[in-house]
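Participant: Structure incoming, see below.
The values are calculated or read from the model by the stated rules, or taken from the named source; none is laboratory data. This one's a predicted model, so the numbers in the text were calculated from it and none came from an experiment. Note: ideal-geometry Cβ built from the backbone for every residue, glycine included; neighbour counts use all protein chains shown. Heavy atoms of the whole protein, side chains included, go into the accessibility calculation; ligands, DNA and RNA do not. Shrake-Rupley method; radii C 1.70, N 1.55, O 1.52, S 1.80 Å.
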Amino acid sequence: MNGIDQRPHLALLLAAALATGGLYGCKQEGPAETAGKKIDNAVEKTGEVLEKAGEKTGDALEKAGEKTGDALEKAGEKIEDTVKSEKK
């Protein structure tokens, strides 16, 4: 040949091919990876449900607070009217 030993290049090429093949072989999921994905999905869905429930609860509490405020305001007005009428 041209005086250069081709064996180191061949060994390097073979090592690169094996490494690349090994990476492609790792793409298959095993039971642990599948279970992990299912758990991740369940946690995400649970978080979404809890967020929606929190929003609904917040809305309900806001409405209850408004009603309570209105009732207290009316009660205060009645007390003022009663006090004014007794002073007369």
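Participant: Test each condition in (1) open to solvent by 100 Å² or more (accessible area, probe 1.4 Å); (2) at pLDDT below 95 for K67 and report the one that comes out false.
Facilitator: (2)
Participant: Yes or no: E48 without any contact (Cβ under 8 Å) to a residue 40 or more places away in the chain and outside any helix (DSSP H, G or I)?
Facilitator: It is false that E48 is without any contact (Cβ under 8 Å) to a residue 40 or more places away in the chain and outside any helix (DSSP H, G or I).
Participant: Next question. Among the residues of region 42-88, which ones are of a type in the set (S, T, Y) and more than 41 Å from the chain's Cα centre (by Cα)?
Facilitator: Of everything in region 42-88, those that are of a type in the set (S, T, Y) and more than 41 Å from the chain's Cα centre (by Cα) turn out to be T82, S85.
Participant: For the condition modelled with pLDDT of 95 or more and either in a helix (DSSP H, G or I) or surrounded by 10 or more Cβ atoms within 10 Å (Cβ to Cβ) (or both), what is the one hit in L14, L72, L10?
Facilitator: Every option except L72 fails the conditions.
Participant: Within region 19-28, identify whether any single residue is of a type in the set (V, I, T), open to solvent by less than 100 Å² (accessible area, probe 1.4 Å) and at pLDDT below 85, and answer yes or no.
Facilitator: Checked against the condition, which is being of a type in the set (V, I, T), open to solvent by less than 100 Å² (accessible area, probe 1.4 Å) and at pLDDT below 85, region 19-28 yields at least one hit.
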